[in-house]
Structures are given as structure tokens and as C-alpha cells.
Amino acid sequence: MHWAERTAANLSHRGDTHLIAAGITPSGEFHIGHIREILTCDMIVRACNNSGLNAELLFIVDSMDPLRKVYSFLSEEYEEFIGHPLYRIPPPDNEGKPIIGSKKSYAEHFLEPFLHALSELGVKLRISWNHEEYKSGKFERATRLFLENREEVARILTEVSGRPLGDEWWPYSPIGHDGSFDGITITGWEDPFVTWIDSNGKKGKSNIGTDQGKLPWRLDWPAKWNFHGVSCEPFGKDHAASGGSYSTGRQLVEILGSKAPHPVPYEWIQLRGMGPMSSSANITVGPLEALEIVPPEILRYLIARNKPNRHIEFDTGGGLLEMADQYERLLATWKEDEPPDENATDRIKTAWNVDRAKISLSQINPKNEKFEKLESNISFRHLSLLAQIRSQNEDVWESLKNSGLLKNQPSKSLKDKLRRMRNWISSEHFPEEYKIEIQSELTQEAKESINSGDLEYLSQLRDAYQNCDWVNSEINDKICNLAREHGMQIRSAFVILYQIHLGRPHGPRLAAVLAEIPRETAINALNRAINSLD
């Protein structure tokens, strides 16, 4: 059973209606790691609804959280906003400086492009701004109960987390006269007000039914579970650790009369060679940046194919080609109308169902009953080759038609795939080993890679180029068969030919490249090599 469907089956024991929640602090640019949390929720929602349950995705934006420091992408001018709620501070401009007087908040600035990316990914959700929930009094009951049970709350936090709390600790964080959470000492509380004094000795009070303060994170989380009615929530492995915020939350929520949601801990997504993604550390590939080079189905497949507790290394280079090809092979080989028969082993039946779920959950439209397969035989790898050799889109379609890969006019999805492919090729992420530059001159490295012993092979290959059908398979056969006849290692022959045609010792499948350029261009390259040996 696919992991999303297994989660739905577990939730069915809790009832028929479910709220699947995700919560993220908009402290900086959202990245692919955040996509994992939202898509994990989305896939659980889809699996629930497909099984007859009624599920909804709630995206909680932790806009009441403070700015904790001046991050690397911000100017030093943000020093004055440290400790202020993210919804109350201005957004940064392109240089990281605060746009004073902007109608848009810091939180909105970073959230908007993320919401646009989620829309492209087919995610349907309801948004809850945390500061609005505080302002409207949604947290008032939980805050009151935690304050009334202050000693019990402190005991739970100390025993479960292993970190003792002093007598001066309170389950509430007021906002001071300067708009910051920092430097505040609570002096008491008299419902509905928490009284306090700031670092300058100035007294104040905060109404717990408003946005004049907030609960600490370990209390804020179970309070949201309680008043929203959350029944399932994926969260990062740090929260799932022993003594972590889920461990404390599941006990604290009982004070509020609720039950903790079904947990779905997930592993981090790392950028290959750079470690875990982090908005604050500016180690990111943003969702919109990723969607400029990757079709949304492929990003969804990245999450659908991996169990939440499995680490993912996101590779925007060659690994992306491998993943895209894997997805397209799955589309091409999985037979929706040919399920395993009754005599098939449980392993075969399970594999068929898991593949079905992977494909289904990778679709943008959850109501797609028939998966688009008409162009799944046009691989990402082949399209990357064509996009480099043929600068005009019409020439790409013509080549695909000539090779029999495209029967009709290109669909909207194929046009979109080519657009993203061109973006990828022109970006810093496109892998060097797949770059194609047809040589018009013989490089010094190419001259040094050949000797007089190769003359007969190159001469016969030139003749073969002139007489064979100019298609991938024929070209490859001529290269390999002639190499064998001359006692050459196949790999050595290809190294020579890569140098002659592409100016380097390796690259994309050579025969496929040659089939896309004029025959005379390839023959002229061999002539230059042969003449250099005379």
C-alpha cells in the first residue's frame, strides 16, 4: 500500500471527516523542503477523499512568529525589527532593505510566490494566518487554560523535554511597547490581562484574547490542533525527536480536552552537495525556480515516490534527468486496464497498486482518471538533446515527427515541457555532461586523441556515414561494428568520436546527437580528423 493510502486507512479509524494541517513560518524564501510538507499533506488529503473520507488541507501561516535575527539576505536595517511579529514588519526590496510604508508585510512578501507555486502544483488548501486567529480570539481559551494550569504545563515541558523551567517562566509571550517580544518580564495575570514590565522599566498589559501576545511554540502548536480540530499533521523530524515539540504537544493538548493529531514525521530534502535546505541560511531552490525547469508532475512525483521518513537529495543536474525519465517510463509501462490477475503474488499486486498511487498522486488534477501517456515516449533526455541542437521549436516538432515519436501536433503539456527544458539548459543547474556544442574545428585535444592507427577506422566510418540510414540506431551500429572489426575497444572509439564531434571525451549519447545534425556536418568533422593525420 502506498504511504498516503496507508495514512488514510489509519485515519479512517478516527472518523469520516479529517483536517490535514501544515504549518510554516514565512521567515524567508520558501524552498523545495517546504514543498515536501505541503505535498505530503495534499497527497494524504487526496488518498482520504479517494477512499470515501472527507478531508481538507489547512495551511497555517505562522505570521505571529518573530524575526529572530538579521538573515544573510537582509540588510542590517532589519536589526530594529528583530523580535517583532513577521506580519508587522515591512518586506525587503531587491537589496534586502526594508520597504517602509509598504502595504504588504514581510510575511506576505515571502508567502505569495509560494502560494503561486502551490497552485501550479495543483494543491487545494485553506489558509489560516496565525496573527488573525490571535486577533479574533481563537487562542483565548487555550491561553487561559495554560495560564490557569501554569505549574502543570511547566512540569510537562520539563519532564518531557528534559529542560527545566524557572519559577519566572510563564506560558505566554507579550508584545512590548516597542512592538517586540524581546526584553519582557511577566509580573502576573488577572484574566484577561497578562501584566508585564519591559527592559526600560515601563509597565504594560496584554489582553490574551487579542494579538497583543502569543503562546510559546510548544503551546501554540497544541492550541492550534485544539481549536482547528486537526486530525493529522506531517512535520519535520526535529519535532518528532524524543522530547521534541510533538512529544510535549500530545500531553499539553489533553489540558485543552483534545487528542493529538496522527503524526507523519518526514525527513529533510537536501540540495545535492549543499546539505539540508534552509530559508534562514539561504540554502534554497525556490519552488517557482524549480517549476521554471521541472514540470509540476515531476516535482509531485519526487514526493509521491518517497516515503515521508526517507531522506531526499534533490539534484537539479543529472539526477533530474534520471528522475524525469523514471517517471515517464512508469507512465509508459504501467497498464491501468491490466491489473494483476487473481493468481498473482501479493508482491506483484502491491507493486501494481503502489505504482498506480504514485502516478495518480503525481497528477495536477486529482480527478484525472486517465493519465496522459501520448507523449511519454519523448524522454526528458531526448528533449534536452533536441532543445540544444534546434533553436526553433518548430524544428524540434519536425524532428520528433520524422523520428515517429510525435504523431500529431504537440500538446500544450509538451510545449510547456520544452519551454521548461530551454530554461533549464540556460540555467546554472544544467549538468555539464549533457551540454552539446557541435565542433566546427578540430580541437587540440581531439588532435591529441587520434593517431595514424585510427586512420583506417575513421576513413571507413566516413564511408559508412555516407551510405547508412541517418538514424540513431544505424549510426550507432556502424560506430560499434567497425570498431570491433578494427580490434578497438568500443569505449576508446567513442572517446575519439566525442572529441571529434563535441570537443570533449564524453557526453550525451553520440549517435542520438549525430542523427539530429546534417549528415554532411558529421562527415566534414571526420574529414578534418582524417586530414590532420595526413
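Taken together, the values in this text are just the output of simple stated rules run on the coordinates, not laboratory data. A quick note: this is a predicted structure, and the numbers were derived from the prediction, not measured. Reconstructed Cβ throughout: ideal geometry from the backbone, glycine too, with neighbour counts over all protein chains shown.
Observations
- Computing FRET efficiency as 1/(1 + (r/R0)^6) for LYS124 and SER411, where r is the C-beta to C-beta distance and R0 is 35 Å, gives about 0.90.
- Environment charge at ASN524 (Cβ cut-off 12 Å; Lys +1, Arg +1, Asp -1, Glu -1): +1
- In degrees, nearest ten, helix 318-333 long axis to first principal axis of the chain (Cα): 80
- Inter-probe distance in nm under a simple model that places probes 7 Å from Cα toward Cβ, at ARG14 and LYS367: 2.8
- Cut-off 12 Å between beta-carbons: net charge of the residues surrounding SER12, Lys and Arg +1, Asp and Glu -1: 0
- Just so you know, the Cα atoms of segment 380-434 work out to an Rg and Dmax of 11.2, 33 Å.
- Taking the C-alpha atoms only, the angle from helix 217-228 to the longest principal axis of the chain is near 90 degrees.
- Taking 0.36 nm per residue of separation and subtracting the current Cα-Cα distance, fully stretching the chain between ASP93 and ASP341 would add 83.2 nm.
- Sequence-distant residues sharing a close amide H with GLY236 (under 5 Å, placed H): TYR266
- Ranked ILE127, ILE389, criterion: other C-beta atoms within 10 Å, fewest first: ILE127, ILE389
- Between LEU288 and ASN393, the simple spin-label model (points 7 angstrom out along Cα→Cβ) gives 2.1 nm.
- If R0 is 25 Å, the Cβ-Cβ spacing of THR158 and SER199 corresponds to a FRET efficiency of close to 0.45.
- Annotation: amide H-H contacts under 5 Å for GLY213 (H modelled 1.01 Å from N, sequence separation of 5 or more, or interchain): ILE175.
- A cut-off of 5 Å between modelled amide H atoms, ignoring neighbours fewer than 5 places along the same chain, links SER128 with PHE59, ILE60, VAL61.
- The simple spin-label model puts a point 7 Å past each Cα toward its Cβ; for GLN460 and LYS435 those points are separated by 3.6 nm.
- Residue exposure sequence - TRP334, TRP221 - by fewest surrounding Cβ within 10 Å: TRP334, TRP221
- Shape category assigned to segment 1-284 from the gyration tensor of Cα positions, a/c cut at 1.5: oblate
- Taking every DSSP beta bridge that has both ends in the chain, the antiparallel portion is near 45%.
- The distance from the alpha carbon centre of segment 4-68 to that of segment 415-460 is 45 Å, rounded to a whole number.
- The relative contact order of segment 55-107 comes to 31 percent, based on Cα pairs under 8 Å that sit 6 or more residues apart.
- 222 nm mean residue ellipticity, helices alone, for the chain (DSSP H n ≥ 4; -39,500 (n - 2.57); rounded to 500): -14000 deg cm²/dmol
- Cross-link pairs LYS237/LYS415; LYS97/LYS307; LYS307/LYS367; LYS138/LYS237 - those with Cα-Cα distance over 31 Å: LYS237/LYS415; LYS97/LYS307
- All Cα pairs of the chain, percent lying beyond 35 Å: 50
- Total formal charge among the other residues, if their Cβ is under 13 angstrom from that of ARG141, Lys/Arg +1 and Asp/Glu -1: -1
- Footprinting exposure proxy ranking of LYS214, LYS237, fewest other C-beta atoms within 10 angstrom first, gives LYS237, LYS214.
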